[in-house]
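The values are calculated or read from the model by the stated rules, or taken from the named source; none is laboratory data. If you're wondering where the values come from, they're calculated on a predicted model, not measured in any experiment. Because the Cβ atoms are built from the backbone with ideal geometry, glycine has one as well, and the counts that use them run over all protein chains shown.
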Amino acid sequence: MCGIVGAIAGRNISAILLEGLKRLEYRGYDSAGMAVLNSQTGQLDHLKRVGKVAQLDAALTGSPLPGYLGIAHTRWATHGKPEQRNAHPHLSADRIAVVHNGIIENHTALKAELVADGYQFLSDTDTEVVTHLIYREVMAGKSLEVALKESLKRLDGAYALAVIDQQQPDLLLATRMGSPLVIGVGVEENFIASDPLALLQVTDRFIYLEEGDVAAITRSDIKVESLAGEPVTREVQRFEHGHDAADKGLYRHYMLKEIYEQPDVIARVLEGRIHQGHVLEQVFGSGASELFDQVKMVQIVACGTSYNAGVVARYWIEKLVGIPCMVEVASEFRYRKTVCMPGTLFITISQSGETADTLSALREAKEQSYLGFLSICNVAGSSLVRESDLAIMTNAGPEIGVASTKAFTSQLVVLMLTTLVLARRYGFDDEQEIVAQLEQLIGLTEQVLALDPQIQKMAEHFVDKHHALFLGRGTIYPVAVEGALKLKEISYIHAEAYPAGELKHGPLALVDEDMPVVAIAPNNSLLEKLQANLEEVRARGGKLFLFADSKAQVKPGNDLELITLPDVPTVMAPIIYSIPLQLLAYYVACLKGTDVDQPRNLAKSVTVE
């Protein structure tokens with residue numbers, strides 16, 4: 001959730017830190033701060049502000065922090081209210097400065113110990129404990145590196161930490177356990193960040209730290225060791241996306257840009273993964289074929305939008321493969337007694353690959369007898385990818401808008417590829433037909449995006465509404481859930497989704513002229529059933545907003561607003577029908593004047609429990 005940026009260089013790094021924080025705003029935060037070793041006075045200066053990075057930027061105009069070594073942070077409150085004293089960095093004796101992502105679970109006991117030693121706490125955070133622990137070790141005569149390692153041995157929980165010392169102007173320390181951290185490699189200068197996006201203005205070469213790594217970084221050298229002090233080698237990787245990947249371009253918001261990127265994203269997902277009408281199994285990783293040969297059941301674990309993608313996949317796997325598939329929210333899976341059936345493939349789905357609940361669920365599952373572990377992810381160097389047996393990238397590129405769009409469609413395409421490689425083992429002989437339909441998705445997506453003006457017009461009906469119902473059946477039900485999620489995330493309208501057949505079992509009581517009902521009606525075997533459900537709404541004075549296939553033969557009326565989509569192959573309908581729902585949510589949010597890219601209370605990468 002929080003964001004870390006750090007730098008050590010032969011030039012003033014204050015502007016670099018600030019720009020890095022701006023590029024991390026998508027993660028969600030409530031305060032921002034910076035600590036820099038002042039190149040003029042030799043003092044460790046710091047500045048913090050509650051609110052947006054723009055507040056910190058304005059403060060720096062009046063109180064600049066010039067220096068060659070510094071760390072910066074955007075905080076999302078976990079311990080202590082969003083107040084200036086709780087913002088990072090945290091200092092001890094104006095000598096040691098620390099920024100931290102994650103949660104120190106035993107901070108209460110450590111704080112009591114430090115208070116007994118005479119340390120005064122100025123914040124309510126768990127992070128300040130780490131700052132004082134390191135300072136205490138330094139004052140005991142230990143080097144900064146040893147002091148950090150000794151302090152880490154006392155910590156329970158998850159962390160990514162950056163540490164600087166006022167008396168060591170040539171050293172930046174970084175470590176991670178459960179929260180992501182990368183090193184940006186420059187020429188006679190080096191950087192750290194929670195996400196490579198923060199540093200693309202200065203480098204495109206990165207070292208992805210792994211669990212337990214401790215890095216000592218100078219202008220000219222990077223040394224990585226384990227907590228036990230053993231040297232480890234971490235490969236320098238070039239970031240694969242262009243420098244403009246994090247720019248809005250001509251679009252008003254990142255979300256709209258990312259919605260319109262979906263034809264290109266689908267093309268990237270398929271590129272190099274299909275040959276002569278068949279999915280190439282090698283793209284899942286070494287040993288994939290041998291593992292897939294043994295799969296008798298699938299368990300999918302994910303959160304939020306990724307969970308909704310998993311539910312769609314359950315329909316696909318059980319229909320096309322013919323084996324059981326279970327889907328569970330990661331935060332529930334990790335805290336209950338589960339039963340692992342023989343031959344079960346464990347699949348995790350995450351945009352960032354650092355989602356705390358999903359990562360913890362994977363680690364819990366590894367203690368059981370699952371057949372193997374496959375991650376579907378957008379970040380190649382992420383923890384989820386590194387800790388899985390197999391991995392396949394969604395190739396969506398950076399997604400800055402908190403409300404996921406292109407990540408969802410790319411996950412669905414990858415899940416269909418996964419379904420096909422499993423299905424061929426169970427006598428499924430229509431793979432070439434499905435692959436051909438996947439290749440048609442690019443053109444179909446472009447046709448749906450051309451409906452933008454009609455969807456903008458439809459959005460006007462929702463501006464004064466406080467609630468909405470979304471309806472779908474079969475594979476379209478989880479798409480309805482995703483559509484409701486998008487609307488509530490960015491417009492703050494309370495929206496819920498139901499299987500259309502459940503209307504008469506309760507939700508129908510909510511239907512009146514003030515309750516817009518959004519229905520998704522592709523031309524599939526459930527169309528007649530859905531149309532009967534829609535008549536139930538109309539008979540009770542409800543206003544319907546329908547996205548329907550051109551063959552559905554539905555006519556608009558005073559109580560029905562209709563947008564007709566192109567004819568879509570049934571199995572591809574979840575991918576195509578998700579796009580107009582994204583646009584609907586976007587334009588409703590724009591009309592209501594909410595913060596589309598950074599909705600309140602939410603963060604892009606949920607790296608805490």
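Just a few scattered comments:
- Filtering the stretch 87-110 to residues that are of a type in the set (A, V, I, L, M), in a strand (DSSP E or B) and over 23 Å from the mean Cα position of the chain (by Cα) leaves Leu91, Ile96, Ala97, Val98.
- Filter result (aliphatic (A, V, I, L, M), part of a helix (DSSP H, G or I) and either modelled with pLDDT of 75 or more or more than 24 Å from Leu565 (Cβ to Cβ) (or both)) within the stretch 499-530: Ala500, Leu508, Ala509, Leu510
- Flag if Ser143 is modelled with pLDDT of 95 or more, surrounded by fewer than 18 Cβ atoms within 10 Å (Cβ to Cβ) and either within 31 Å of the chain's Cα centre (by Cα) or farther than 19 Å from Ala93 by Cβ (or both): no
- Considering (1) at pLDDT 95 or above; (2) in a helix (DSSP H, G or I), the lone condition that Leu345 does not fulfil carries the number (2).
- Candidate set from the stretch 458-488 (those that are buried (at least 21 other Cβ atoms within 10 Å of the Cβ) and in a loop (DSSP other than H, G, I, E, B)); member that is modelled with the lowest pLDDT: Arg473
- Residue match in the stretch 411-434 (condition: under 21 Å from Lys543 (Cβ atoms) and crowded, with 21+ Cβ neighbours inside 10 Å): no
Listed here are the residues, each with its yes/no results for (1) aliphatic (A, V, I, L, M); (2) surrounded by 15 or more Cβ atoms within 10 Å (Cβ to Cβ); (3) not assigned by the TED database to the domain that holds Leu144.
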{"position": "Glu210", "(1), (2), (3)": "no, yes, no"}
{"position": "Ile217", "(1), (2), (3)": "yes, yes, no"}
{"position": "Ser220", "(1), (2), (3)": "no, no, no"}
{"position": "Lys223", "(1), (2), (3)": "no, no, no"}
{"position": "Leu270", "(1), (2), (3)": "yes, yes, yes"}
{"position": "Phe284", "(1), (2), (3)": "no, yes, yes"}
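- The stretch 156-197, residues that are touching a strand residue (DSSP E or B) at 6+ places or on another chain (Cβ under 7 Å), outside any strand (DSSP E or B) and of a type in the set (A, V, I, L, M): Leu181
- Looking only at the stretch 52-82, residues that are in contact with an Asp or Glu (Cβ under 8 Å, 6 or more places away or on another chain), over 15 Å from Leu37 (Cα atoms) and outside any strand (DSSP E or B) come to 9 in all.
- Some residue of the stretch 74-85 being out of contact with any Pro (no Cβ under 9 Å at 6 or more places or on another chain), more than 26 Å from Arg23 (Cα to Cα) and surrounded by fewer than 17 Cβ atoms within 10 Å (Cβ to Cβ): no
- Some residue of the stretch 362-369 being assigned to a strand (DSSP E or B) and either surrounded by 24 or more Cβ atoms within 10 Å (Cβ to Cβ) or not hydrophobic (A, V, I, L, M, F, W, C) (or both): no
- Ile442 vs. criteria in contact (Cβ under 8 Å) with a residue 12 or more places away in the chain, under 30 Å from Ala288 (Cβ atoms) and assigned to a helix (DSSP H, G or I): yes
- Strands (runs of 3 or more DSSP E) contained in the stretch 208-300 and holding at least 3 residues modelled with pLDDT of 95 or more and of a type in the set (A, V, I, L, M, F, W, C): 214-217
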